[in-house]
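The values are calculated or read from the model by the stated rules, or taken from the named source; none is laboratory data. Just so we're clear, the structure is a prediction, and the values are computed from it rather than from any experiment. Using ideal geometry, Cβ is built from the backbone for each residue, glycine included, and neighbour counts are taken over all protein chains shown. Heads up: the accessible areas ignore ligands, DNA and RNA and are worked out on the full protein's heavy atoms, side chains in. Shrake-Rupley method; radii C 1.70, N 1.55, O 1.52, S 1.80 Å.
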2 protein chains.
Amino acid sequence: MPVADASLRLMAQKLRRSSMRSTTQAGSGHPTTCMSSAEIASVLFFDELRFDPKDPSGQDADVFVLSKGHAAPLLWAALYEASAIEEDPITLRRYDSPLEGHPTPNSPWVRVATGSLGQGLCAAAGMAWTRKLDGTQARVYALLGDGEAAEGSVYEAAQFASYFKLDNLCAIVDVNRLGQSGATMYGHDLETYATRFRAFGWEAEVVDGHDVAALRAAFGRARATSGKPFALLAKTFKGKGVSFVEDKEGWHGRPFKAGEELEKALAEIGPADLKLTVEPRKYPAVAKPAAGAPALTPDYKLGQEVATREAYGTALAKLAKSSNAVVAIDGDTKNSTFSDRLKAVAPERFAEAFIAEQNMVGVALGMATEGKIPFASTFACFFTRAYDFIRMAAISKPAHLVLVGSHAGVSIGEDGASQMALEDLAMMRAILGATVLYPSDAVSAERLVETAANTPGIVYIRTSRPKTKVVYANDERFPVGGSKTLRSSGKDAVTVVGAGVTLHEALAAHATLAAEGIAIRVIDLYSLKPIDQATLLKAAAETRAILTVEDHSVAGGLGEAVAAAVSGRGRVEIVGVKDMPRSGTPSELMSEHGLDAAAIVAAVKRLLA
Amino acid sequence: MPVADASLRLMAQKLRRSSMRSTTQAGSGHPTTCMSSAEIASVLFFDELRFDPKDPSGQDADVFVLSKGHAAPLLWAALYEASAIEEDPITLRRYDSPLEGHPTPNSPWVRVATGSLGQGLCAAAGMAWTRKLDGTQARVYALLGDGEAAEGSVYEAAQFASYFKLDNLCAIVDVNRLGQSGATMYGHDLETYATRFRAFGWEAEVVDGHDVAALRAAFGRARATSGKPFALLAKTFKGKGVSFVEDKEGWHGRPFKAGEELEKALAEIGPADLKLTVEPRKYPAVAKPAAGAPALTPDYKLGQEVATREAYGTALAKLAKSSNAVVAIDGDTKNSTFSDRLKAVAPERFAEAFIAEQNMVGVALGMATEGKIPFASTFACFFTRAYDFIRMAAISKPAHLVLVGSHAGVSIGEDGASQMALEDLAMMRAILGATVLYPSDAVSAERLVETAANTPGIVYIRTSRPKTKVVYANDERFPVGGSKTLRSSGKDAVTVVGAGVTLHEALAAHATLAAEGIAIRVIDLYSLKPIDQATLLKAAAETRAILTVEDHSVAGGLGEAVAAAVSGRGRVEIVGVKDMPRSGTPSELMSEHGLDAAAIVAAVKRLLA
């Protein structure tokens, strides 16, 4: 029997009261943005969403993404009232509580961390895309704020969702008129938001966000809509229900003062004594075949010239054949990153994200929450576009998320600085918990792609544009945190550490120097994070100095990683890009920035002088 | 006398021929995307734009931004034909030519580097906003691609432009139907693009992009439109004019083969022998008062507790009073970053960017090209959203661009990881040529804000959320590349290097250790880049080890900067954030991550054990 409107109205008041109390208790947080969304949350959790409060997996069930993450207290209140969590929301923001200030997977009901706005809809679109792929009817809901609707990524997600006809996706925008520091751009002009969503291919309806009957009816129409995602633009009031804060500026991120102020506010809301039971509801289970373990075997000849980006594509196709869990997404660069090779063997598992890298990473994260092993690829420099999404993905702790950036460094040549990734290693190393890999030949590229698919969390792989010689046998293994010592003798004067294109320059420098009677050790640091400290310390102890050479900014990359790893126990000379590069041939640029064999030879001699 | 349509048509063919030849000569590049835009460029440069080919400053003249940067050969061709540049476009992409593969300021006609899509319109919006501020009638034009229109930042710029009624801004979208790796989302459905721009508050018209008469008429209507920016959606064909490439896939980023293929293509275009002279046209000069030098004097008492973010706001207001060139922009966080203090004293010089950080940085860059000293602020973590824009801004080499990120690190406390900047120092240090500053008290904050306004290029300032004690006298100076040794003696056992909140923990640790008879040196490393290597080397030589303590990821930040600076000449122990933080009080989190005084005391003792 459906729940009565009156009960949903009263539940909304109960959620309001909880959000007000918990933020006051915490001494920080955003009660008024919870108050504007209270009826939406009540209707979603106690009527619309089909889910089992005892099963946070979301399997065969509707899932909810709180894109406006600062309304976390409302989410905790709703989950608590639905008997989905046991922690009392009054523990909000406490060090010992899973109920954080913004949603994180410390609660199992949170699939993706939010709190940086404009990201939840992208992840939700990824979930919806994957649910279409898997053939389940279970739906995805995302609640956004109106201030949030200024983020361009919202429209990237919107176009993706309509392009792929994700009618299993429903967005609700809580248009409460007020941002953090003032009114939003459009205030209560709901039609502007609706027009935008329609312009991006959605069905869109304006609804009174405090009218539970209207909300229920709108959700019904959303559910019945075919071929298009559906957006509810809900007109609400920030701080709804408490006269001295409702629709007033200056109340963002400001809890009620404990005591009189809170009591007065709660009195205006009135009592809300009810308990609603969420009946477990699920969709018919969809039979999923066992995914299979992602595995491959490289097939190259020593000395063969293959770009690591191309080896990535070859590896990706092999992995896709070995495991149904492997999916790929690309930002209209699939013919350069070679991710089109997956598309060729498993077109249904390839999502074209077009030129919208933020949404690409958000969608990939959403795919990951559905049990996939997503590979997202574009030019390495364009991952800078998605850095906030990568940062938030790390907080989301996905089981798997592999990012593959091609065209790294000055060795791309003529296209010029705008296409050269010079910051990607620094940016990815700084991500807590991320693994950073950098293959130098086709064999290591394929092996590291395989490893990435089997490594938990976020893995970044940097590939190169130029062709490089195969230097490893097909059965060579490349464990995370390892390195390869390719040249070594009992009399090495200096150690040269390279990766990617610079490894080959180091090998050439080795040959040149050997002819002059100078022995150097050459290490392929294919795993930048974690780093093979033991091998580096050994090299530091056994040779006079370590010279690092990287096709990347000198700050935050390979060199500093090595300097930190051997600090106090060896000298590290860092060679990398210090000045803004320009167009030129790869060899001109490698020479100018001191990255080629000749420059390495000269640097080694300087260190020995 | 206006130029004849026939001449503009022929000039378009000439620009096509030039783009085809130069890319073939370079052996790389994107001729077909130049060919789709040829009539647009011809009409713009030889009819619509009012400028003086001898004056690249853009002063009192219309300016043009090639947002679809891969059409650079067309830009060089147009500038050459207009006698604005002397370099023959045939030198395209050569190491010794200013005519790079994508536009950069190596040509004085390029105000902002492009080549990462979706950025040019943001910068153009910033120019247009500033031109409104300065009262000039000179206009701004931006040419976008249709693939580019998938970037959410385009809609961030669009909403900004309509919100501020930038009717001096005209966007042209070259809808040639084809992206890099396949068809775009919407092909030749021009109305979808027009509907989007209208939904974002623009006047928008669909036009035949190969019909010079239609283009001229549309530009006329754009010029006559008041109160709204204007978008021309130009229907074009990629590779227009050459039968075997026109509207065909597989021709992105692919030049014609030298010899037969190129000759055949050129033959299809036909001869285009004409010379058009651009008559210098300018708008009435607008009298600009001398900007004044940005300067301030801090006014604090030692021991006073002030958050550096608040000192930033105070400083910004002072700078704005001292110099008309100082402008500010913020992403709806002005009451947290305290940039609202500039708004209070100079509201017309404050731009609210709402929650759209990519556009915020792009607009700031555009402001910079108009001679302003822009300060862009938001929470430090949200600058990750704009990393690609910051990267491209560095290539653009602005005279000034100051980014100020507040709420850095775990010391923000209860809001949780999503609001904690833990990667900002790594990301900003990796930017070539950027200056990275990190004040610890109100005096240094104000001084560094003043310094930033007077430092060329991109400057990043990291401010903190908690209040910290004033430790410097108001007349203390903080040069870029310096540091302050706050505690030192002849018998320092260890050096502790901190900045921001950790400096105060280091000072407290100093007191605790001093009471136990252990002397430590304490250095305030307020300038992370450039870094004060001399002082660090001295400390390394005079003490047993350097302990760095930072409220930031251990990778790429203060610690690795120090480790690299003293490599081989001292031991550096890096303390920073290694594991994903969560909600808690600042002191709980500082303790958990080993950043507080007690942890520093323990770490020093470990180093001495």
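Of all beta bridges that DSSP places with both ends in segment B:455-571, some 25 percent have antiparallel geometry. Taking Lys and Arg as +1 and Asp and Glu as -1, the other residues whose beta-carbon sits under 11 Å from that of B:V212 total -4. The residues of the protein assembly as shown have, on average, 29 Å² of accessible surface per residue, using a 1.4 Å probe with all protein chains present.
Could you please report the charge total around A:D596, scoring K, R as +1 and D, E as -1 over all other residues with beta-carbon less than 11 angstrom from its beta-carbon? Surrounding charge for A:D596 is -4. Rolling a 1.4 angstrom probe over the protein assembly as shown with all protein chains present gives an accessible area of which 50% lies on carbon and sulfur atoms. When +1 charges are put on Lys and Arg Cβ atoms and -1 charges on Asp and Glu Cβ atoms, the dipole computed for segment B:546-609 relative to its Cα centre reaches about 320 debye.
May I ask you to derive the FRET efficiency for A:A344 and B:A598 from their Cβ-Cβ distance with R0 = 56 Å, giving the value to the nearest 0.05? Computed FRET efficiency for A:A344 and B:A598: 0.45. Using a probe of 1.4 Å, the accessible surface attributed to A:E87 totals some 70 Å² when neighbouring protein chains are kept in position. Placing +1 on each Lys and Arg Cβ and -1 on each Asp and Glu Cβ, with no other charges, gives chain A a dipole about its Cα centre of roughly 820 debye.
Figure note: A:T495, A:T277 ranked by solvent-accessible area, largest first, 1.4 Å probe, ligands and nucleic acids not counted: A:T277, A:T495.
When the surface is traced with a 1.4 Å probe over the full set of protein chains, B:T91 keeps roughly 20 Å² accessible. In chain A, the longest principal axis of the Cα atoms and the axis of helix A:190-199 are about 50 degrees apart. Residues B:E205, B:E305 ordered from highest to lowest accessible area at a 1.4 Å probe: B:E305, B:E205. The angle between the Cα long axis of helix B:5-26 and the main principal axis of chain B comes to about 50°, on a 0 to 90 degree scale. Residue of chain B with the smallest Cβ distance to the axis mapping B onto A, distance rounded to whole Å: B:G152, 1.
For segment B:370-391, a reduction of at least 50 Å² in accessible area between the chain on its own and the assembled protein chains (probe 1.4 Å) is found at B:T384, B:R385, B:Y387, B:D388, B:R391.
For segment A:298-347, a decrease in accessible area of 20 Å² or greater in the assembled protein chains relative to the isolated chain, with a 1.4 Å probe, applies to A:D332, A:K334, A:N335.
Plainly put, the tip 7 Å out from Cα toward Cβ on A:D134 is 5.6 nm from that tip on each other copy, the closest given first. Remark on segment B:409-430: accessible area falls by at least 40 square angstrom from chain-alone to full-complex state for B:E414, B:D415, B:S418, B:E423, B:R429, B:A430, probe 1.4 angstrom.
Suppose we keep just the DSSP beta bridges with both residues in segment B:103-248; what percent of those would be antiparallel, to 5?
Just about 5 percent of them are antiparallel.
Shortest first, A:A290 label-point distances to identical copies amount to 8.2 nm, with the label point at 7 Å from Cα along Cα→Cβ.
Ranking B:I520, B:L608, B:T535 by how far each Cα lies toward the positive end of the dipole of segment B:455-609 (charges on Cβ) leaves B:T535 at the top.
Short version: what are the Cα gyration tensor semi-axes of segment A:404-453, square root of 5 times each eigenvalue, largest first, in whole Å?
21, 16, 7
Among B:E268, A:E81, the order of accessible area from largest down is B:E268, A:E81, computed with a 1.4 Å probe on protein heavy atoms. First check a/c for the protein assembly as shown, with a ≥ b ≥ c the square roots of the eigenvalues of its C-alpha gyration tensor; if it is under 1.5, answer rounded, and if not, answer prolate when a/b is larger than b/c or oblate otherwise. Rounded, because the longest to shortest axis ratio a/c is under 1.5.
Per-residue 3J(HN,Hα) values for segment A:95-108, derived from phi via the Karplus relation 6.51 cos²θ - 1.76 cosθ + 1.60 with θ = phi - 60°, read 4, 9, 10, x, 8, 6, x, 10, x, 9, x, 4, 9, x Hz in sequence order (x marks Gly and Pro). If a/c stays under 1.5 just call it rounded; otherwise compare a/b with b/c (prolate if a/b is bigger, oblate if not). Do that for segment A:374-479, with a ≥ b ≥ c from the square roots of the Cα gyration tensor eigenvalues. Verdict is oblate for segment A:374-479. For segment B:334-418, just say rounded, prolate or oblate: build the C-alpha gyration tensor, square-root its eigenvalues into a ≥ b ≥ c, call rounded for a/c under 1.5, and beyond that prolate if a/b exceeds b/c, oblate if not. It is oblate, given that a/c is not under 1.5 and a/b is not larger than b/c. Using a 1.4 Å probe over protein heavy atoms, the accessible area lost on pairing B with A, summed over both chains, comes to approximately 8000 Å².
The magnitude of the dipole of the protein assembly as shown, with charges of +1 and -1 set on the Cβ of Lys/Arg and Asp/Glu and taken from the Cα centre, is near 1160 debye.
For B:V436, the residues whose modelled amide H falls within less than 5 Å of its own, excluding neighbours fewer than 5 places apart on the same chain, are B:Y460, B:L528, B:K529.
Across the options A:A421, A:F354, A:P439, the greatest Cα extent toward the positive end of the charge dipole of chain A (unit charges at beta carbon of Lys, Arg, Asp, Glu) belongs to A:P439. Across the copies of the chain, B:E191 has label points (7 Å from Cα along Cα→Cβ) spaced 2.0 nm apart, shortest distance listed first. Rounded to the nearest 10 square angstrom, A:R93 shows an accessible area of 10 square angstrom against a 1.4 Å probe.
A P(r) calculated from all alpha carbon pairs of segment B:441-582, with 5 Å bins opening at zero, reads 2, 10, 19, 23, 21, 15, 8, 2, 0, 0 percent.
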